[in-house]
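A quick write-up on the structure given underneath.
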Amino acid sequence: MAESMRGLHRSHRCTEVSNQNIGETVTVMGWVQKRRNLGSLIFIDLRDRSGILQLVFNEETVGAEGYKKAESLRSEFVIAVTGKVEKRSAAVNENLKTGDIEVIANDIRILSESETPPFQIEENSQTKDEVRLKYRYLDLRRPDIQRNLMLRSKVAYLMRDFMMKEGFLEIETPMLCKSTPEGARDYLVPSRVHQGHFYALPQSPQLYKQLLMCSGYDRYFQIARCFRDEDLRADRQPEFTQADMELSFVDVEDVLDVNERLLQYVFKEAIGVDVQLPLPRMPWQEAMDRFGSDKPDTRFGMELVNVSDVVKGCGFSVFTGALENGGSVRGINAKGQAGMPRKKIDKLVEFAKGYGAKGLAYLAVNEDGTYKSSFAKFMTEEELDALVKAMDGEAGDLLLFAADKNKIVWNVLGALRLELAKELDLLDPNQYNFLWVTEFPLLEWSDEENRFMAMHHPFTMPMEEDWEKIDSDPGSVRAKAYDIVLNGTELGGGSVRIHQDDIQEKMFEVLGFTKERAHEQFGFLLDAFKYGVPPHAGLAYGLDRLVMHMVHADSIRDVIAFPKVKDASCLMTEAPGVVDEKQLEELGLEIEIPAEE
């Protein structure tokens, strides 16, 4: 039967007890990790969020009743134990922080009993994700998950600490907002008072933080909850946390400077990693041309090479056809992989098709200098030699080529180089390669909408030297936008914002907004801009992604206390769920579920 805490006070967490406390009496509390009964002695491994401490029970010190309680203990029982700290009588356990001491119990209380858990509470659990997430409150007891969440807490604290010292004010912005369906899909919240009207949960605090700049708050910061109703991936959740900021009277350099120093401070204080400043920078176009990605992983080479000029007159119609359609032919060199079995190459071809390729051309340079290729018969020896030379190919190399529109070629080869890097074990998890990607295109063409869309959002400032091309060649206008990338993951992004009326109006026009529609969606911001708005810029980090990299987690779920699964549901609470008919009536809603085909 569970006992009370009356008169008890915990003196230490488990690993706060050390050999400095030898001879002292301590009171510790936590969960039973393991029990070993040796007849006259019972050893208990006690676990709390700090780690494990060994307790020893014998009748002489704990009494007959206490010993009987110790005999009844099972995994996950919650206990409080008072006892004397002594040097370990048996061998020291080098793997434990408390491996050289133990507590000889003289009193025990069972605060709570436990049924047998559905899985063992242990590090690096092999239990299926579905089971772990259904019993997430048990999964959260695992030491590795606890370390992740404690580090996350520390990172949030360090960010706040740094930002306050830099003159930022932490200001909360609303959760119930107006829907602005320009970006991802909103989560909608029906209003009971204004029937037929809906709030949206914020995709980011973007408009509010710009209004705070209009209001003179100068430097704003917030660790903000955000929501996007979109399909999930390993580094994406329907609700997530941003470390969000906005600064007034600044340009690109000011934002990059404060963020470089923030990253340097957080990485050093949280995980002891020295980040060398300044961080490297790369224009978007260069990133795409060299790595096929606007978030390149620069821990390894295997860069893309544009061989369009080399193959333009060849007899291989896949190459020449792509060039005639305005595309390009590019390749990557997998060094030393010429001996890759055909089966494995076929797998890479299928992988490439998943990214939009019609196929993948390959050429292996054999050790004797001869070629084994999927397209050699369509090209002369001289053309093949020129191609190998352009690719810096040597005996033993495997050259892989994609030919299509630029966007597809970049996608295919960008993903392929990452896939090969994983297979060839080229990625060092303890290497932190930061990179600023700058000068993004202001706009990108949408075939679906048949119009230009803002690559970031409609309030992004164009680069002054490109603005004159906004009518003649809008696709070539670059933005004052920047992303911070770490090891192939976009940690955060931002831009300088438009603060001039005429540029903002023109931007809406290019995006196909009528004046009426622009005012309908963003009227409150445009009105605010009439009353003296300072030049301003900002950036937001995905806090979950940042911590995920710091702890080398494979999934973002390992750094979030209560994550959702792929279909955005919660296996533990079974959310989302149905609601009472009465609640729907109050909201003036009627649910119509389409019949299954």
**Q.** Segment Thr61-Ala2, length gained on full extension (0.36 nm per residue, minus Cα span)
**A.** 19.0 nm
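Are there GluC sites (Glu not before Pro) in the range 387-455 that DSSP puts in a loop and that have at most 11 other Cβ atoms within 10 Å, and which ones? Intermediate values should be presented prior to the final figure.
Working: sites: Glu394, Glu419, Glu423, Glu439, Glu444, Glu448, Glu449; in loops: Glu394, Glu439, Glu448, Glu449.
In loop regions of the range 387-455 (DSSP not H, G, I, E or B), the sparsely surrounded GluC sites (Glu not before Pro) are Glu448, Glu449.
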Q: Excluding residues on the same chain fewer than 8 positions from Lys68, give the lysines whose Cα lies under 19 Å from its Cα.
A: Lys34
Q.
Tell me the relative contact order for the range 201-260 as a rounded percent, counting alpha carbon contacts under 8 Å between residues six or more apart.
A. 35
Q) From the backbone phi of the range 101-116, what are the Karplus-calculated ³J(HN,Hα) couplings (6.51 cos²θ - 1.76 cosθ + 1.60, θ = phi - 60°) in whole Hz, Gly and Pro given as x? A) 9, 8, 10, 7, 6, 10, 7, 9, 10, 8, 7, 6, 8, 9, 6, 5
Q. Non-local amide H neighbours of Thr173 (under 5 Å, H modeled in plane, Pro and chain starts lacking H): which ones?
A. none
Q: Give the long-range amide H neighbours of Gly315: residues separated by 5 or more places, or on another chain, with amide H under 5 Å away, using H modelled in the peptide plane at 1.01 Å from N.
A: Thr380
**Q.** the chain, helix-only ellipticity at 222 nm - DSSP H runs n ≥ 4, -39,500 (n - 2.57), divided by all residues, nearest 500
**A.** -9000 deg cm²/dmol
Q. Going by the alpha-carbon gyration tensor, a ≥ b ≥ c the square roots of its eigenvalues, is the range 71-145 rounded (a/c under 1.5) or, if a/c is not under 1.5, prolate (a/b greater than b/c) versus oblate?
A. oblate
**Q.** Table column - 3J(HN,Hα) (Hz), the range 577-583, Karplus curve with 6.51, -1.76, 1.60, x for Gly and Pro
**A.** x, 6, 10, 4, 4, 4, 4
Q. From the cross-link list Lys358/Lys469; Lys422/Lys564; Lys358/Lys422; Lys422/Lys469; Lys344/Lys564, which pairs have alpha carbons spaced over 30 Å apart?
A. Lys358/Lys469; Lys422/Lys469; Lys344/Lys564
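Can you tell me the length gained on complete extension of the stretch Lys344 to Ile503, counting 0.36 nm per residue apart and subtracting the Cα distance?
Values: separation 159, 0.36 × 159 = 57.24 nm, distance 5.23 nm.
The Lys344-Ile503 span can extend by a further 52.0 nm.
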(Q) Calculate the FRET efficiency for Val189 and Asn93 from the Cβ-Cβ distance with a Förster distance of 60 Å, rounded to the nearest 0.05. (A) 0.70
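Within the range 39-89, report the GluC sites (Glu not before Pro) that DSSP leaves as loop and that have at most 12 other Cβ atoms within 10 Å. Walk me through the numbers on the way to the answer.
Details: sites: Glu59, Glu60, Glu65, Glu71, Glu76, Glu86; in loops: Glu76.
Passing sites in the range 39-89 do not exist.
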Q) Is the range 42-185 rounded, prolate or oblate when judged by the Cα gyration tensor, a ≥ b ≥ c being the square roots of its eigenvalues, rounded requiring a/c under 1.5 and prolate requiring a/b larger than b/c? A) prolate
Q. List the aspartates and glutamates whose alpha-carbon lies under 16 Å from that of Lys84, not counting same-chain residues fewer than 8 positions away?
A. Glu16, Glu24, Asp45, Glu59, Glu60, Asp100, Glu102, Asp107
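Per residue, how big is the convex hull of the chain when only Cα atoms are used? Give it in Å³. Could you put the intermediate results ahead of the total?
Numbers: hull volume 143.6 nm³, N = 597.
It comes to 240 Å³ per residue, whole-number rounded.
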(Q) Skipping prolines and chain starts, which residues have an amide H placed within reach, meaning under 5 Å, of the one on Leu491, given they are 5 or more residues away or on another chain? (A) Ile484, Val485, Leu486
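Can you give me the accessible area per residue for the chain, using a 1.4 Å probe, in Å²? Don't skip to the answer; put the middle values down first.
Values: 30460 Å² over 597 residues.
On a per-residue basis, the chain sits at 51 Å².
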(Q) Once you keep just the Cα pairs under 8 angstrom separated by 6 or more residues, what percentage relative contact order results for the chain? (A) 13
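Computing the accessible area with a 1.4 Å probe over protein heavy atoms, can you report the carbon and sulfur percentage for the range 264-351? Numbers along the way, then the final one.
Values: 2130 of 4360 Å².
In the range 264-351, the share of accessible area belonging to carbon and sulfur is 49 percent.
Report the FRET efficiency, 1/(1 + (r/R0)^6), for Asp473 and Lys530, where r is their Cβ-Cβ distance and R0 is 35 Å, rounded to 0.05.
0.70
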Q.
Over 18 Å between Cα atoms: which of Lys335/Lys389; Lys343/Lys405; Lys178/Lys209; Lys312/Lys377; Lys295/Lys407 fall into that group?
A. Lys343/Lys405
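The values are calculated or read from the model by the stated rules, or taken from the named source; none is laboratory data. The structure presented is a predicted model; accordingly, all values stated were derived computationally and were not measured. A quick note on method: Cβ atoms are made from the backbone with ideal geometry, for glycine too, and the neighbour counts reach across all protein chains shown. Areas reflect the complete protein model, heavy atoms only, side chains present, ligands, DNA and RNA absent. Shrake-Rupley method; radii C 1.70, N 1.55, O 1.52, S 1.80 Å.
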